[in-house]
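Colleague: The structure's right below; bear with me while I get my questions together.
Bear in mind these aren't lab numbers, they're just calculated from the coordinates by the rules spelled out. Remember, predicted model here, so these are calculated numbers, not experimental data. Counting neighbours? That spans all protein chains shown, and the Cβs are built from the backbone with ideal geometry, glycine included.
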């Protein structure tokens, strides 16, 4: 008589493998991966709340930047409301392209805007390992950007990886994940 243990072991392995493919964060000890529907929806709400950010009173001048953001950058800070809740947000215009110089970008920023990145301080418990920051990269038109694997760059972007938003900003002095006050 054949044992059914081998059959059930096979079923468990197939189900577990399927779960890891469909839900890669399950069983890894990691928070949900970035770029899921909830992240993209929150990013859309953030973009809507940021409308008019170029007129926010707390803005920097254009200054030289570096990869991955752009040749030149401009920062903005404010408190915005997403889904009725207030959040602190830092927005970064990322400039580049042919002819981009400090002078040309300062005179005609819209001509050189290649992306907009934002880091928003979410509610306590969102990502306590990384001070509860939410990260997003938008194309210049407000569409959430995607990486080479077609994953939306919104949420806990590249959490646990050696490169990306969190890995880079974790190196900011003062342990606050932003460089402007270093």
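Colleague: Just to be sure I understand, how many residues within the stretch 133-166 are over 12 Å from the mean Cα position of the chain (by Cα) and at positive phi?
Modeller: Matching residues across the stretch 133-166 total 3.
Colleague: Looking only at the stretch 102-124, which residues are in contact with a strand residue (DSSP E or B) (Cβ under 8 Å, 6 or more places away or on another chain) and loosely packed, with under 15 Cβ neighbours inside 10 Å?
Modeller: Going residue by residue through the stretch 102-124, those that are in contact with a strand residue (DSSP E or B) (Cβ under 8 Å, 6 or more places away or on another chain) are 102, 105, 109, 112-123.
Residues satisfying the conditions are 102, 123.
Colleague: Moving on. Would you check which residues across the stretch 50-60 are outside any loop (DSSP other than H, G, I, E, B) and crowded, with 18+ Cβ neighbours inside 10 Å and list them? Write out each step before concluding.
Modeller: From the stretch 50-60, those outside any loop (DSSP other than H, G, I, E, B) are 53-55, 58-59; that's our starting set.
Hit for the stretch 50-60 is 53, nothing else.
Colleague: Of the conditions (1) surrounded by 19 or more Cβ atoms within 10 Å (Cβ to Cβ); (2) under 21 Å from residue 50 (Cβ atoms); (3) touching a helix residue (DSSP H, G or I) at 6+ places or on another chain (Cβ under 9 Å), residue 159 fails just one. Which one is it?
Modeller: (2)
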